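Down below is the structure, laid out as structure tokens.
The values are calculated or read from the model by the stated rules, or taken from the named source; none is laboratory data. Predicted model only: the values in this text are computed from it and were never measured. Backbone-built Cβ (ideal geometry, glycine too); neighbour counts: all protein chains shown.
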Amino acid sequence: MAITEFLPNEYGYVVIVVVFYCFLNLWMGFQSAELARVFYPTLYAIESENKGAKLFNCVQRGHQNSLEMMPMYFLLMILGGMKHPCICAGLGLLYNVSRFFYFKGYSTGDPKNRLTIGKYGFLAMLGLTVCTISFAITLLRGSA
């Protein structure tokens with residue numbers, strides 16, 4: 001039996017949105033690398049040693065936060081999408097777009113700018129959580 005027999009046809013949208021986030025994350029990493037002002041394994045630049053430290057630290061932190069949220073986002077997308085693929089794909093797209101603006105806002109050098117549009121990512125994560133809980137309840141009840 002192929003795995004496609006168990007997943008709804010629309011699950012492909014979930015997969016596409018998750019892959020889109022992978023590309024977004026790579027792009028954020030490249031933005032961080034372009035401003036690299038520290039030598040590994042140091043994560044943050046020190047302002048007394050580098051005049052562009054604040055900007056680098058904001059860009060680096062925007063990317064780091066996206067990496068921190070990625071496991072939860074992927075888990076909620078993959079599981080919630082098994083029952084609600086179209087809703088999860090839509091919420092995932094909202095999350096991806098808001099994450100882009102979160103990063104762009106952070107990259108201005110003023111951390112407050114990350115939440116102008118970036119705050120809507122939290123709403124998307126809440127929706128994904130509800131979809132995943134709905135899927136869990138369906139499993140516990142033993143009905144499809």
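When ARG141, ARG99 are checked against the criterion of being in contact with a helix residue (DSSP H, G or I) (Cβ under 6 Å, 6 or more places away or on another chain) and either on the phi > 0 side of the Ramachandran plot or among the basic types (Lys, Arg) (or both), ARG99 stands alone in meeting it.
In region 67-80, the condition of being closer than 18 Å to VAL14 by Cα, surrounded by 15 or more Cβ atoms within 10 Å (Cβ to Cβ) and in contact (Cβ under 8 Å) with a residue 60 or more places away in the chain is met by at least one residue.
Every test in (1) without any contact (Cβ under 8 Å) to a residue 40 or more places away in the chain; (2) in contact with a helix residue (DSSP H, G or I) (Cβ under 8 Å, 6 or more places away or on another chain); (3) not small (Gly, Ala, Ser) is passed by LYS83 save one, and that test is (1).
For region 80-96, does any single residue satisfy the condition of being aromatic (Phe, Trp, Tyr) and within 12 Å of the chain's Cα centre (by Cα)? Yes: one or more hits. The residue that is surrounded by the most Cβ atoms within 10 Å (Cβ to Cβ), counting only those in region 31-51 that are at pLDDT 75 or above and closer than 19 Å to MET69 by Cβ, is SER32.
Test MET28 against the stated conditions and say whether it is within 14 Å of the chain's Cα centre (by Cα), within 28 Å of ILE133 (Cα to Cα) and not polar (S, T, N, Q). So MET28 fails the test.
Checked against (1) basic (Lys, Arg); (2) part of a helix (DSSP H, G or I); (3) surrounded by 14 or more Cβ atoms within 10 Å (Cβ to Cβ), LYS112 passes all but condition (3).
The combined condition, being buried (at least 19 other Cβ atoms within 10 Å of the Cβ), modelled with pLDDT of 90 or more and either of a type in the set (S, T, N, Q) or in a loop (DSSP other than H, G, I, E, B) (or both), is not fulfilled by SER134.
Yes/no per residue for (1) modelled with pLDDT under 90; (2) polar (S, T, N, Q); (3) surrounded by 20 or more Cβ atoms within 10 Å (Cβ to Cβ):
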{"position": "ALA53", "(1), (2), (3)": "yes, no, no"}
{"position": "GLY62", "(1), (2), (3)": "no, no, yes"}
{"position": "LEU91", "(1), (2), (3)": "no, no, yes"}
{"position": "SER98", "(1), (2), (3)": "no, yes, yes"}
{"position": "TYR106", "(1), (2), (3)": "no, no, yes"}
{"position": "ILE117", "(1), (2), (3)": "no, no, no"}
{"position": "LEU140", "(1), (2), (3)": "no, no, no"}
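PHE101 meets the conditions (1) among the hydrophobic types (A, V, I, L, M, F, W, C); (2) within 21 Å of LEU126 (Cα to Cα); (3) over 15 Å from the mean Cα position of the chain (by Cα) in every case but one. The failed one is (3). Looking at region 10-25, can you tell me whether even one residue there is out of contact with any Ser or Thr (no Cβ under 6 Å at 6 or more places or on another chain), surrounded by fewer than 17 Cβ atoms within 10 Å (Cβ to Cβ), farther than 22 Å from ILE133 by Cα and at pLDDT below 90? No: zero hits.
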